[in-house]
1. Right, Ala64: of a type in the set (Gly, Ala, Ser), open to solvent by 20 Å² or more (accessible area, probe 1.4 Å) and either modelled with pLDDT of 90 or more or in a helix (DSSP H, G or I) (or both) or not?
2. Out of all the residues in segment 13-37, which are aliphatic (A, V, I, L, M) and surrounded by fewer than 21 Cβ atoms within 10 Å (Cβ to Cβ)?
3. Can you pull out the residues in segment 80-110 that are touching a residue at least 40 places away in the same chain (Cβ under 8 Å) and either open to solvent by 50 Å² or more (accessible area, probe 1.4 Å) or not in a helix (DSSP H, G or I) (or both)?
4. Kindly evaluate Tyr55 against the criterion of being open to solvent by 40 Å² or more (accessible area, probe 1.4 Å) and in contact with a helix residue (DSSP H, G or I) (Cβ under 7 Å, 6 or more places away or on another chain).
Amino acid sequence: MRCANYKGSSCFLTTACVHYAGLPDDCKELTGMRNFRDDYLLSLPNGQAMYDEYYRLAPAIVEAIEQSDERTGILADILSSVRQCVHFSENGNNEAALDVYTAMFDDLKNRFAPQS
């Protein structure tokens, strides 16, 4: 099943993995990651650049994952990382959440982002 568009834009990683898991748009994972983004990530000196890179690359990464024979395992791994991020963030350890997020996204970029 392909991931539905979110707010009129292409699908993003957290949305793709929660849709894969059958979770709703207001699930803990999506809400937690949105809060992490808005309350912490965007407050960092390089937060806007990280945000911009994610929104530039994520749709192509999701499309590549959708085409992968390993789609199910990849989406499960992303969901696991998202849950770790949310756990850390909810417990006041945004630095650890950022470390998990960054490692996950860097791995996905290396594996699936179009090479420019």
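The values are calculated or read from the model by the stated rules, or taken from the named source; none is laboratory data. All values reported here derive from a predicted model rather than from experimental measurement. Note: ideal-geometry Cβ built from the backbone for every residue, glycine included; neighbour counts use all protein chains shown. Accessible surface is based on the protein model in full, side chains and every heavy atom, while ligands, DNA and RNA are left aside. Shrake-Rupley method; radii C 1.70, N 1.55, O 1.52, S 1.80 Å.
1. Here the answer is yes, as Ala64 does meet what is asked.
2. Ala21, Leu23
3. Once the filter is applied, which keeps residues that are touching a residue at least 40 places away in the same chain (Cβ under 8 Å) and either open to solvent by 50 Å² or more (accessible area, probe 1.4 Å) or not in a helix (DSSP H, G or I) (or both), segment 80-110 yields Arg83, Glu90.
4. Taking the combined requirement at face value, the residue does not satisfy it.
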